[in-house]
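The values are calculated or read from the model by the stated rules, or taken from the named source; none is laboratory data. Every value quoted in this text rests on a predicted model; they were computed, and no experiment measured them. We place every Cβ from the backbone using ideal geometry, glycine too, and count neighbours over all the protein chains shown. We work out accessible area using only protein heavy atoms, side chains counted, and drop any ligands, DNA or RNA first. Shrake-Rupley method; radii C 1.70, N 1.55, O 1.52, S 1.80 Å.
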Amino acid sequence: MKKILAIMEEELKQAFLDCGYEENYAKAVLSNRPDLCEYQCNGAMAAAKAYKKKPIEIASQVAEALSGSKIFSMKEAVMPGFINLKVSEEFAAEYLNQMAGEEKLGLEPVKKPETIMVDYGGANVAKPLHVGHLRSAVIGESIKRMGRFLGHQMIGDVHLGDWGLQMGLIIEELRERKPDLVYFDESYTGEYPTEAPFTISELEEIYPAASAKSKEDERFKERAQNATFRLQNGYKPYRAVWQHIMAVSLADLKKNYANLNVEFDLWKGESDAQPYIPALIDDLVEKGLAYESQGALVVDIAQEGDSKELPPCIVRKSDGAALYATSDLATIIEREKDFHPDRYIYIADKRQELHFTQVFRVAKKAGIVSQEMPMAFLGFGTMNGKDGKPFKTRDGGVMRLEHLIANINEQVFNRIMENRTVSEEEARNTAKIVGLAALKYGDLSNQAAKDYVFDIDRFISFEGNTGPYILYTIVRIKSILNKFAENGGKAESGKILSAASDSEKGLCLLLLRFNDVMETSFAELAPHKICQYIYELSNEFNRFYHDTKILSEEDSDRQASYISLIMLTKDVLTASIGVLGIEAPERM
RNA sequence: GCGUCUGUAGCUCAGUGGAUAGAGCAAUGGCCUCCGGAGCCGUGUGCGUAGGUUCGAUUCCUAUCAGACGCACCA
């Protein structure tokens, strides 16, 4: 379906043309004065100068030309030259009924679906997820789902950190702890065991221990570097250990991401990109892009229009090793080969912006992707504690994501038990759903690029712009619909009549905006706009609910209309939280 | 030093080249024979500062102040 604003603009364009003005002045926007009108057009003021007329004169003419339009119930010109508009109730009802009949609720699937690679998550093998991984996962998942809802083919890749020094550290630490393992027997020639020589909890303990040791013990560090080198050059026993680390760690990561309701299509890692590196380096040198500087191999990234100089991108260290940028470039080569994406979106901490600028530019200069390839970097800010400083545990350490989630679930659980008499088991399950919603919504309702304050009490509150409040509204609608069905009613969609009250009209106006909000949010990579929208929608619904008796309505057509309207509201809310990666429980 | 981002109500956050800048929390007053009161309706305070562009700037530009962050061999 066409967006409501687009339909209005068509009418306005015709009106401007009829009056002898250019059609590009005919732009409709949401009103910023809801007391006066619902939509407005400010084009008359812009046109005034070009046509050397008073704005109000133009506005009056256009308003007059709109008199035949069926979509506006009000069109009036007011000083100094605004054209104030209201949507006709009949038109709105018709639009909403049509929306309700469509799977995507009035959203037009994109005409040319693109293959879009979304790089998010960024987990490291052998290290537990901590709060720093939360934002990338939550925001990325939402971007991916938004794109998918619009009809794009979205490919989410977790892009694991599975190839660095941490692997050598673990191997050396393992050698010290369990020197008898066959992996450390140079003369061993048999098959390696299929069973890993450690559990996930051991692994999670081994890495920090090794990391700490390497900072104090130079020789240990050297051995770890050497082990890393041998691993990367295909030394079989270490490859076998590495396989074990990967298997054990991946199983745990998958479990943790699943708990977050975050799903990746690809579980690729830096290791997968390694085979492409030698050819990449050769190519960069051959094309004359890479040159030696202070022993390292670098690529300049200057381009026309730069107001200042950007540092070159290092693609090979002076010791010959590859690094972050090399690996990311190689990953792009791999993705081009496997998927030919039309677009790339990276979701990472905003501190990495320079790095991605460098990588994108080198990728284009080297022809790994075309010059026009859209490569977006969505950088997010830090999650801070109430003191405004980066979020830490009480003793100053990094908080594990599992602990954070458990903590939230516990608090939500207590909340539910306080107010409702449900079984403990149901309360546990509900708390999980509501807790996750609180966590995700708390994150997504802020502009991604800004730092934000993580305030658990605020996030789990059932009041205000919070996940639980949105869920509460959905549950409330479900409850009414259930009761309606219990009383023998048959809920049908598409029966919406013209709104008869202010609050009903208000609810309709919000619902009309759904497709526009969804498109805009994706275009701007701004999940918080969806949050803002469903918060307003929830408020409008609760207002409508408050002054409308639905179940005791005697006019059966009117009642059917109310039921259709709240079903549509529920569907819009459910679809919206769906793209945010949030689900609603049946009761709460 | 150079650069990027941010600065809106007591707090946490939205928002816009246009008419009176919005929510929530907190404070405070009201509304239950009624579909979930986890609700609804009220009350008060603000665009860091100074210039510029514009018919009109909180929004765009410049300068300035404050905070966060980034600036070659970490990821």
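Of all residues in the stretch A:24-42, those satisfying the criterion of being open to solvent by less than 10 Å² (accessible area, probe 1.4 Å) and either in contact with a strand residue (DSSP E or B) (Cβ under 6 Å, 6 or more places away or on another chain) or within 8 Å of RNA strand B (Cβ to nearest atom) (or both) are A:28, A:37, A:39, A:41. Scanning the stretch A:501-533 for residues that are closer than 29 Å to residue A:557 by Cβ and touching a residue at least 60 places away in the same chain (Cβ under 8 Å) yields A:504, A:505, A:507, A:508, A:509, A:511, A:512, A:513, A:514, A:515. Scanning the stretch A:461-477 for residues that are touching a Lys or Arg at 6+ places or on another chain (Cβ under 8 Å), in contact (Cβ under 8 Å) with a residue 60 or more places away in the chain and within 6 Å of RNA strand B (Cβ to nearest atom) gives a single hit, A:475. Do we have any residue at all in the stretch A:528-550 that's near RNA strand B (Cβ under 8 Å from one of its atoms), outside any helix (DSSP H, G or I) and open to solvent by 40 Å² or more (accessible area, probe 1.4 Å)? Checking the stretch A:528-550: at least one residue is near RNA strand B (Cβ under 8 Å from one of its atoms), outside any helix (DSSP H, G or I) and open to solvent by 40 Å² or more (accessible area, probe 1.4 Å). Among the residues of the stretch A:568-588, those that are closer than 18 Å to residue A:511 by Cα and open to solvent by 40 Å² or more (accessible area, probe 1.4 Å) comprise A:570, A:571, A:574.
Condition check for residue A:582 on (1) of a type outside the set (Gly, Ala, Ser); (2) modelled with pLDDT of 95 or more; (3) part of a helix (DSSP H, G or I): one failure, at (3). Looking only at residues that are assigned to a loop (DSSP other than H, G, I, E, B) and surrounded by fewer than 17 Cβ atoms within 10 Å (Cβ to Cβ) in the stretch A:430-460, which one is nearest to RNA strand B (Cβ to nearest atom)? Filtering the stretch A:430-460 for residues that are assigned to a loop (DSSP other than H, G, I, E, B) and surrounded by fewer than 17 Cβ atoms within 10 Å (Cβ to Cβ), the one nearest to RNA strand B (Cβ to nearest atom) comes out as A:447.
Comparison of A:298, A:315 shows that the only residue that is within 15 Å of RNA strand B (Cβ to nearest atom), modelled with pLDDT of 90 or more, more than 32 Å from the chain's Cα centre (by Cα) and over 30 Å from residue A:110 (Cα atoms) is A:298. Yes or no: residue A:67 crowded, with 17+ Cβ neighbours inside 10 Å and either at negative phi or free of Cβ contacts under 8 Å to residues at least 40 places away in the same chain (or both)? So residue A:67 does not fit the description; no.
Number of residues in the stretch A:237-288 that are open to solvent by less than 60 Å² (accessible area, probe 1.4 Å), closer than 27 Å to residue A:194 by Cβ and more than 31 Å from the chain's Cα centre (by Cα) equals 6.
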